[in-house]
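Right, one structure below, let's go through it.
Bear in mind these aren't lab numbers, they're just calculated from the coordinates by the rules spelled out. Computed from a predicted structure; not experimentally measured. Because the Cβ atoms are built from the backbone with ideal geometry, glycine has one as well, and the counts that use them run over all protein chains shown.
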Amino acid sequence: MKKTISLLMMSLMGLVGTYAWASSTHEDTVERMQKSVDVLSEIMATPDKGIPEEVLSSAKCILVVPNLIKGGFIFGAKHGRGVASCRTSTGWSAPAFVSVGGGSWGLQIGVEGVDLIMLVMNEQGFQHLLSSKFELTGEASGAAGPVGRHASAGTDWKMNTEVLTYSRSKGVFAGLTLEGAVVEQDNDSTRAIYGKHIEFRTILSGKGPTPKSVEAFLKAVTEAGQQARIAEAKEDKEDRK
């Protein structure tokens, strides 16, 4: 009898622990989405010092990783969790959750938290993202993005670069090189929001559900894209005068 009661208590404690973990993960993921909303809003509030309008309006996907931790001594490291959304035929997809990690080699010391923004610029980059895990391995796949109201005419971001990367520290955006960084699906956050595992490809292709908890992030992405396109069209019209 005592053994049966002990087994029941252990099972109950396990269920309580699982529920508490799931609840905590859900709250952390919702908070991360809200921080990503703040980052997107601040991008649009600083057009002269942020991501160029034509770059943002041309992006196929947007990934936001609030508070990416960079640091180390001799060996460097990067890690963070974020949110991604891609353009579909009907608008922007529901968010998929990402983990960004990787290492670097160099003489460095200290720890820094920055907001990371990654823009997938072409079909090849989009397909790499849909694979659920890819590594930024060179200029053809990832590069520091241009900053300012307009992208430099001398850049080749429209033709060759799969992913443009930016960091924001103390309110200032700058191009960021993430050589060797690995982007993959954050399975824990996916289950916390969607209630089950859903493949990256399904979510980012616009075939997944849209839970109520993701609506604020989806609205922010939609508005950022619309504002960028409106601003770019207005600039083009003024240039033709």
Paramagnetic reach from Thr46 (point 7 Å along Cα→Cβ, amide N under 14 Å) across region 176-207: 176
Estimated vicinal HN-Hα couplings, Hz - region 213-228 in sequence order (Karplus 6.51, -1.76, 1.60; Gly, Pro = x): 5, 9, 4, 5, 5, 4, 5, 5, 5, 4, 5, 4, x, 5, 4, 5
Distance between modelled label sites at Thr177 and Ser213, nm, 7 Å Cα→Cβ extension: 3.9
